[in-house]
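We did not get these values from a lab; they are worked out from the coordinates using the rules stated. Computed from a prediction, not measured in an experiment: that's the story for all the values here. Here Cβ is always computed from backbone atoms with ideal geometry, including for glycine, and neighbour counts include all displayed protein chains.
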Amino acid sequence: MFNLLIHEIRSRWRAILGWGFGLILFGAVYISIFPGLFEQLQSLKDLSVYKLVGMRLGSVEGYMASVVLVYIPILLCIYCIIASTSTLAGEEDNGTLELIVSMPLSRGQILTAKAIALSGVALFIMIIASIGNAFILAAIKIDNPINVTPFGLFTALMSSLPLALVLIMIGFFLGAILPNHRLSATVLTIFFIASFFGENIAGMVKSLEPIRYLSLFNYYNTTETIFTDGAQLSDIVILLGIAAVFFILALICFQRRNITVGAWPWQRGKITD
Amino acid sequence: MSSEIIIQTNDLSVYYGAHRGIKDLNLSVQKGEVFGFLGPNGAGKTTTLRTILDIIHPTQGSATLFGLDSQKDGAAIRERISYLPGELSLYPSMKASYFLDLLVSLQKNKLDDSYLEQLLERIGLDPSRKMKEYSHGNKQKIGVVAAFMGKKELIILDEPTLGLDPLVQQTVLELVQEVKDEGRTVFLSSHNLKEVQAVCDRVGIIQNGELIKTEKVETLINQQFKRLEIHFRKEPPPDAFAIEGVKEISRDGNLILFEVSQDLDRLMEKAAPYGIIDIETKAVSLEEIFLAFYGPHNTGGKNV
């Protein structure tokens, strides 16, 4: 199992570097332009469209939290959606999973190795991105004193990792239960978008307040307080708990799955030979 | 060949919703034999292999390998098996050498490096390139090497020579023969009936998901039907041999070729009045047997 885990991580080293440095670049653009745009953004801060996407432009801290701490994790989550649904469902679609499950490993070992590996890859990407963005913040000259230190930015970015882990495990679960990669990726993408906008809309419309609890983003702090108070432990526990539940569900479904058949659980598709 | 049973299926059935995969399949493969598995596309060959390997779960029935349950003891069983899938898919950007190393690393048994070198040389494969750079035939060679390199007790091959040139096909058959000579077992699913006839001890014939015949290759060929060429003294009339189980294949004057699927008494009785100068038995190939089972006028091989 360990060798499969190592292989899974090794096979993604390009993704680790590409996404890690890509996210540094992304953060660099948004962090470095802020001092120059601060006054212009003040006049736009009350626009609903910004509230819809959760952007708070009134202060450096608010901007950092609502832009850098949202969009970098969102990009990481997009990678996790692509990678997790490609891992089981995608490998089954392209036929490589058949050979892996014919190896002397239990399905539990295969799934565990892949889940740990992909979680590790997300961790490496986020470490690279967080360190890079912390350095950029340290290098940028901001006239007024701010409550965001490079270390604060690093820890705040790292606190988004549980969110990525949840998406990885849901991706595995969908890959184990749905007929193919495309459907798994579509369902997870829709869920992710609904989760993101659901949280912001619920924040704007009082009557929709209760649906906040259904959104993953409700358990990820993107307000200025994260730079001073850090992430809520309860939020991290909830997200890790959700990830654990979906990992167990993925394990159960993967054990039962007829590999290579590709169909809904109640009607496992056509006969291939 | 030993009497030890390596593969045993008991009423093994797989359904995909309303579709039939395989139905009440009962077969056994003994240690040291090369068992051929024949059937047209969609008959259930690959489904059987995948079910035995626990890639697909049976709807009912069970399979045991080395006396172990295919579902409960899957990992332990697969430690003793290597498998070449019929539709081999490889990681495009992975080097063949890395792929082979990966497969070895996922198993407990150590690899005999000198045997791997020997295999690569015999098959004619340079493993230093990426998968996407190989032709279809070369990818199949990688699969063949992967299947044989571990020297497993049971090798399951699904169309192993598909896409290979005749020389490499011959090498694969030699490898199968060597496995047999070492007392190991091969389960071979193939459409290439010449290779099945060349290396298999027994064959199972599957049709519409049901195993309709399991027989030694030699017995199958000899018992299923015979071809007789009779040289008559005087030419019999066209309807002289309208007998059940006897078919006139060709006629050249006094020389007639018959296909007979029952005892020869009735044919001899009808032939005697025309004077028999000579009778020659013609060899029947497994391919002809197969066509008798599955051809357009198939009668399940019972009344050809």
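Among the lysines of the range B:226-283, pairs that are 8 or more positions apart or on different chains and have alpha carbons within less than 16 Å of each other number 5. With label points built 7 Å along Cα→Cβ from the Cα atoms of B:SER128 and A:LEU123, find their separation and express it in nm. Placing both labels 7 Å along Cα→Cβ, they lie 3.7 nm apart. Hey, how much of the P(r) for the range B:136-209 falls beyond 19 Å, as a percent of Cα pairs? For the range B:136-209, the share of Cα pairs beyond 19 Å comes to 30 percent.
In this calculation the C-beta distance from B:ASN222 to A:ILE78 is compared with R0 = 56 Å, giving a FRET efficiency of 0.30.
When the expected Rg is taken as 2.2 N^0.38 Å, what fraction or multiple of it is the alpha-carbon Rg of chain A?
Relative to the 2.2 N^0.38 Å estimate, chain A comes out at 1.09.
Taken residue by residue and averaged, Cβ atoms of other chains lying within 10 Å of the Cβ of B:15-27 number 3. Mean partner shielding of peptide B:98-108, defined as the number of other chain Cβ atoms within 10 Å of each residue Cβ, is 4. Size estimate for the range A:163-236 follows the Kirkwood approach: the inverse of mean 1/r over distinct Cα pairs works out to 13.7 Å. Straight-line cross-link reach from B:LYS95 at under 28 Å between alpha-carbon atoms covers these lysines, not counting any fewer than eight positions away in the same chain: A:LYS114, B:LYS108, B:LYS110, B:LYS130, B:LYS132, B:LYS139, B:LYS141, B:LYS151, B:LYS152. Taking 45 Å as R0, compute the FRET efficiency from the Cβ-Cβ separation of B:GLN60 and B:HIS191 and round it to 0.05. Using R0 = 45 Å, I get an efficiency of 0.95.
Which value in Å is the Kirkwood Rh of the range B:226-283 over different Cα pairs? Intermediate values should be presented prior to the final figure.
Numbers: mean 1/r = 0.0895 Å⁻¹.
One over the average 1/r among Cα pairs gives 11.2 Å for the range B:226-283.
Projection of the Cα convex hull of the range A:113-179, averaged over all directions and equal to a quarter of that hull's surface, yields 5.5 nm².
For the residues B:THR171, B:THR214, B:THR47, a GNM of chain B with alpha-carbon springs under 10 Å puts the largest fluctuation on B:THR171. Phi angles of the range B:256-261 translate, via the Karplus equation with coefficients 6.51, -1.76, 1.60 and θ = phi - 60°, into HN-Hα couplings of 10, 9, 10, 10, 10, 10 Hz per residue; Gly and Pro are given as x. Take the Cα of A:GLN255, step 7 Å toward its Cβ, do the same at A:LEU25, and the gap between the two points is 4.4 nm.
If you wrap the tightest convex hull around every Cα atom of the range B:5-221 and split its volume per residue, you get 119 Å³. Only helices enter this figure: runs of n ≥ 4 DSSP H residues, each worth -39500 (n - 2.57), summed and divided by the residues of chain A, yield -22000 deg cm²/dmol at 222 nm to the nearest 500.
Each listed q (0.08 Å⁻¹) maps to a log10 I(q)/I(0) for the protein assembly as shown, found by the Debye formula over equal Cα scatterers with no solvent: -0.69. Cross-link partners for A:LYS206 among the aspartates and glutamates, with Cα-Cα distance under 18 Å and sequence neighbours closer than 8 places in the same chain left out: A:ASP46.
When the helices of chain B are scored as -39500 (n - 2.57) per DSSP H run of n ≥ 4 and the total is divided over every residue, the value at 222 nm lands at -9000 deg cm²/dmol. Relative to the longest principal axis of the Cα atoms of chain B, the long axis of helix B:166-181 lies at roughly 80 degrees. Inter-chain Cβ neighbour count for B:80-90, averaged per residue, equals 4 (cutoff 10 Å, partner chain atoms only).
Taking 0.36 nm per residue of separation and subtracting the Cα-Cα distance, full extension of the segment from B:ARG251 to B:THR281 would add 9.3 nm. Output the DSSP H helices from chain A with an along-axis C-alpha extent of no less than 30 Å and a mean Kyte-Doolittle hydropathy no less than 0.5. Answer set is A:13-42, A:107-139, A:181-204, A:233-256. Neighbour counting of Cβ atoms within 10 Å sorts the residues B:MET131, A:MET64, fewest neighbours leading, into B:MET131, A:MET64. A dipole drawn for the range B:5-221 from +1 and -1 charges on Cβ atoms has a positive end, and of B:LEU84, B:LEU27, B:PHE37 the residue lying farthest that way is B:LEU84. Taking label points 7 Å from Cα along the Cα-to-Cβ direction, A:ARG182 and A:SER32 give a separation of 4.0 nm.
How far is helix B:136-149 tilted, in degrees, relative to the longest principal axis of the Cα atoms in chain B, given as a value from 0 to 90 rounded to the nearest 10? So the inclination is approximately 80 degrees.
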